[in-house]
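S.K.: Encoded as structure tokens, here's the structure I'll be asking about.
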Amino acid sequence: MTVVAEVIRSGFVESVHHGVVAVAPGPPPTENDPIFPRSSNKPFQVVGMLRSGLVPAAEDDLAMISASHDGEPFHVERVLSMLAAAGLDAAALRCPADLPMGEAARNAHLRHGGEPEPVLMNCSGKHAGMLATCLVNGWDPESYLDPKHPLQLALADTVSDLAGEPIAATGVDGCGAPVLAISPYALARAFLRLVESEPGTPERRVADAMRARPDLVAGTGSEDTVLMRAVPGLLVKRGADGVVAAAMPGVGGVAVKISDGAARARYPVLLAALRRLGVSTPALDEVVLGGGVPVGEVRAVIQG
């Protein structure tokens, strides 16, 4: 794979990260083998829930269902309210118990004697949406994570439709739900489709909800939140194992996969790609520390 980022320590290239950067429209990258987009797939799954009849109590709920949230109190309250609206409680969630993903929220939870809970898991909003969609359709809510469940079949069809290609593989995501492999170019193209769809369509509703409430999608001070607040119209969604995707209407979509799964390289590479497209973004420095002080950075290497 191509080197897409360098780790600079004291002016010396200490490490490099390989990966793929896909930009749509335009030609697919030379290396365009399918990847698991992980949580960057969530917005497409929410579109599938809307197509399957999900009626959210508020449009903000669509941002929460799309989230990889930091587990802050307002995230937890929103997930619990979504479950309550469906006549359920946190016991219905089938995602694993976890601590908040955000460092500040996790530390506060532990200081108060808190323990891992499913509702704190960063995918709990998606699971609440899946449960609500099952109940609307009379589908079994107990087995909603089974890849052969009617819900998951409907969501897979939607992901394939938005991607414009068949699902290459189905795996088990960290939250226990199916994760669907598509190519990086298809991921970029699908994100662009979300932001360029007509207002009121399921695709545009999800994009608009995420951009209106990026704090629900990620968390206070998280990269996705900072970027969407700073750049009007920009849609961004992180995924585990070195994935992030973004789109700007009238400009293009970008998908990044860092081949070794390193989170530290994905945002420098994403921002470099967006700037190459003419999108002005704030700096999100990935600092290299030495002796507790900055001595370097993670720097994007964009070819071509």
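The values are calculated or read from the model by the stated rules, or taken from the named source; none is laboratory data. Note that this is a predicted model, so its numbers are computed, not measured. Neighbour counts run over all protein chains shown; Cβ positions are idealised from the backbone, glycine included. Note: accessible area is taken over every heavy atom of the protein model, side chains too, but ligands, DNA and RNA are not part of it. Shrake-Rupley method; radii C 1.70, N 1.55, O 1.52, S 1.80 Å.
S.K.: Helix-only estimate, please: 222 nm mean residue ellipticity of the chain, summing -39500 (n - 2.57) across DSSP H runs of length 4 or more and dividing by its residues, to the nearest 500.
M.R.: Rounded to the nearest 500, it is -11000 deg cm²/dmol.
S.K.: If you roll a 1.4 angstrom probe over the protein chains with everything in place, what fraction of the accessible area of the stretch 51-169 belongs to carbon and sulfur, to the nearest %? Working shown, then result.
M.R.: On the way: 2880 of 5200 Å².
Carbon and sulfur together cover 55 percent of it.
S.K.: Roughly how tilted is helix 42-51, in degrees to the nearest 10 and between 0 and 90, from the longest Cα axis of the chain?
M.R.: The angle comes out at about 30 degrees.
S.K.: Which FRET efficiency, nearest 0.05, do H112 and N137 yield, Cβ-Cβ r, R0 22 Å?
M.R.: The computed FRET efficiency comes out at 0.05.
S.K.: Using R₀ = 45 Å, calculate the FRET efficiency as 1/(1 + (r/R₀)^6) where r is the Cβ-Cβ separation of A84 and S15; round to 0.05.
M.R.: With a Förster radius of 45 Å, E is 0.45.
S.K.: A further question on this structure: In terms of modelled amide H atoms, which long-range or inter-chain residues lie less than 5 Å from the amide H of H149?
M.R.: For H149, no residues qualify.
S.K.: Now for a different question. How many nm is it between the label spots at I8 and D260, if each spot is 7 Å from the Cα in line with the beta carbon?
M.R.: The modelled label-to-label distance comes out at 1.9 nm.
S.K.: What number comes out for accessible area per residue over the stretch 194-301 if the probe is 1.4 Å? Units Å², please.
M.R.: Ligands and nucleic acids excluded, the result is 38 Å² per residue.
S.K.: Also, quick follow-up: What FRET efficiency comes out for the pair A97/R276, r = Cβ-Cβ distance, R0 = 35 Å, nearest 0.05?
M.R.: The value I calculate is 0.25.
S.K.: Also: Note down the net charge around A108, summing +1 for each Lys or Arg and -1 for each Asp or Glu among other residues with Cβ under 13 Å from its Cβ.
M.R.: Details: positive: R106, R111; negative: D70, E72, E103.
Residues near A108 contribute -1 overall.
S.K.: Just how large is the dipole of the stretch 160-253 about the Cα centre, in debye to the nearest 20, putting +1 at every Lys and Arg Cβ and -1 at every Asp and Glu Cβ?
M.R.: Details: 9 positive and 11 negative charges, 42 e Å.
My answer is approximately 200 debye.
S.K.: Here's a follow-up. Using +1 at the Cβ of each Lys and Arg and -1 at the Cβ of each Asp and Glu in the chain, identify which of A190, Y267, P27 lies farthest towards the dipole's positive end.
M.R.: P27
S.K.: Compute the signed sum of charges (Lys and Arg +1, Asp and Glu -1) over the other residues within less than 13 Å, Cβ to Cβ, of L88.
M.R.: -1
S.K.: Which value, in debye to the nearest 20, describes the size of the charge dipole of the chain about its Cα centre when Lys and Arg Cβ atoms bear +1, Asp and Glu Cβ atoms bear -1, and nothing else is charged?
M.R.: 560
S.K.: Starting from the 7 Å offset along Cα-to-Cβ, what nm value, one decimal, do you get for the label separation of I167 and L153?
M.R.: It is 1.1 nm.
S.K.: What list of ³J(HN,Hα) values in whole Hz, one per residue of the stretch 289-297 in order, does the Karplus curve 6.51 cos²θ - 1.76 cosθ + 1.60 (θ = phi - 60°) give from phi, with Gly and Pro shown as x?
M.R.: Listing the rounded values in order: 9, x, x, x, 10, x, 10, x, 7 Hz.
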